[in-house]
Structures are given as structure tokens and as C-alpha cells.
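Below is one structure, written out as C-alpha cells; comments come after it.
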Amino acid sequence: NHPNLLRTILSITRGKVPINSKPLLQAAILGHEECASILLSKQEKGSTMLFLDDADGNTALHYCCRENGNKDMLRTLLKQLTGNTKRERQELLKLVTIRNKSMQTALHVACESGRTDLVEVFLATCKTSVLFKLLSIEDNKLETPLLCAVSNNSCDVVLSLLMWRRNH
């Protein structure tokens, strides 16, 4: 969590980050939103930084959605691909539907963790067509994000998802 040090390193390397070191993933694991923002601001067009995963298939988005996840970082990551161009919409769909080894999307993780605030970020950020697809994805226990919330007694998450569904 040393944003100034990160800025210095990036200025010396002219913004080049060894992508194999998965710095964005590390920032997400540690909850360092400012460092994640700096890294994302320096990425080149077409960078795969947002899509890198760990040995269990978890991306930075998955880590943001854990019980101790960072809501601001989730917004920052999703904002990178939120736009009106066809390419941005496709990239956002690709990012939010990435599954880990348990076949869970980041939304599954947020629902399982009972993080209503994170679920609300998805509901507010993603377009309706993306959400319909995302909400229908089943994990390896054949649970959609809604069923994941139900099985983990995450009543507020269940309510948020049902209210969103009712309005769409």
C-alpha cells in the first residue's frame, strides 16, 4: 500500500508493469484501491491485466467480492469497461462472467459473502442484458447467484436481487 512508490516505479519504467507478476491481483487481494487505480491508469489499450487469475481461477474482481472485499475497488474495476461501445460491452460481459475453479463468478462470491453493497454495485453498473446472463450462471453446486445467497442465509442480498428482478 505505497501509492507513491508505485508511481515512482511506473515513472522509471515508463508505465510498463511486468504483467506476469499480476500486480492488479495483488492490489485486490490486499484491498489497495489506490494502487489498483494507478495500475489501471497505466495499462495499455487491450491489456489483459483485468483478466489475470490465480491458481484457483480467481480474478481481481473475485477478490473484491469476498467477505472483506473493497467496494471502491470493485467500482474501479468495473468502471474500466463500462461504456457504450460494442467492444466495451463485450469486455465487461467477458470480465463479469469469468468463473473460478468452483465455477463461480464474482457475483456468486459477493452473494455467498452476504455483501449486499457489492451486489448493488453490480446491479447499478451492469446493463440489464449482462445482468440477466450473469444471474443465470450456475456454479459447480448448480446454484445461481440468487440460490448462493439463499443457501448462505444472505437475506439482504436475496431481497436486492428479487427487487431488481421485479423491476426488470
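The values are calculated or read from the model by the stated rules, or taken from the named source; none is laboratory data. Bear in mind the structure is a predicted one, so any value in this text is a computation, not a measurement. Please note: Cβ atoms are built from the backbone with ideal geometry, for glycine as well, and neighbour counts cover all protein chains shown. In case anyone asks, the SASA skips ligands and DNA or RNA and just uses the protein heavy atoms, side chains included. Shrake-Rupley method; radii C 1.70, N 1.55, O 1.52, S 1.80 Å.
Points to keep in mind about this one:
- Index of the failed condition, Arg66 passing every other in (1) farther than 17 Å from Leu25 by Cβ; (2) under 14 Å from the mean Cα position of the chain (by Cα); (3) open to solvent by 70 Å² or more (accessible area, probe 1.4 Å): (1)
- Among the conditions (1) under 12 Å from the mean Cα position of the chain (by Cα); (2) at positive phi, Leu52 misses just one, which is (2).
- Pair list, Cβ under 7 Å, 6 or more apart: segment 40-52 residue under 19 Å from Cys64 (Cβ atoms), other residue at pLDDT 80 or above and assigned to a loop (DSSP other than H, G, I, E, B): Leu40/Gln80; Leu50/Gln80; Phe51/Ile98; Leu52/Lys22
- Test result for Met73, without any contact (Cβ under 8 Å) to a residue 40 or more places away in the chain and either under 27 Å from Ala36 (Cα atoms) or out of contact with any strand residue (DSSP E or B) (no Cβ under 8 Å at 6 or more places or on another chain) (or both): no
- Residue count for segment 11-32, restricted to those that are surrounded by fewer than 17 Cβ atoms within 10 Å (Cβ to Cβ) and either closer than 17 Å to Lys94 by Cβ or at pLDDT below 75 (or both): 10
- Qualifying residue in segment 129-150 (condition: more than 21 Å from Asp54 (Cα to Cα), surrounded by 20 or more Cβ atoms within 10 Å (Cβ to Cβ), of a type in the set (Gly, Ala, Ser) and over 14 Å from the mean Cα position of the chain (by Cα)): yes
- Given (1) outside any loop (DSSP other than H, G, I, E, B); (2) without any contact (Cβ under 8 Å) to a residue 40 or more places away in the chain; (3) farther than 19 Å from Thr116 by Cα; (4) open to solvent by 30 Å² or more (accessible area, probe 1.4 Å), number of the condition Cys35 does not satisfy: (4)
- Of the residues making up segment 38-57, those that are surrounded by fewer than 14 Cβ atoms within 10 Å (Cβ to Cβ) and either over 17 Å from Leu92 (Cβ atoms) or of a type outside the set (Ser, Thr, Tyr) (or both) are Ser41, Glu44, Lys45, Gly46, Ala55, Asp56.
- Filtered residues of segment 124-168 (kept if of a type in the set (A, V, I, L, M, F, W, C), in contact (Cβ under 8 Å) with a residue 40 or more places away in the chain and in contact with a helix residue (DSSP H, G or I) (Cβ under 7 Å, 6 or more places away or on another chain)): Cys126, Val130, Cys148, Val157, Leu161, Trp164
For (1) part of a helix (DSSP H, G or I); (2) farther than 23 Å from Thr85 by Cα; (3) in contact with a strand residue (DSSP E or B) (Cβ under 9 Å, 6 or more places away or on another chain); (4) among the aliphatic types (A, V, I, L, M), each residue gets a yes or a no:
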site	(1), (2), (3), (4)
Ala124	yes, no, no, yes
Val130	yes, no, no, yes
Leu135	yes, no, no, yes
Glu138	no, yes, no, no
Leu142	no, yes, no, yes
Ala149	yes, yes, no, yes
Asp156	yes, yes, no, no
Leu161	yes, yes, no, yes
Trp164	yes, yes, no, no
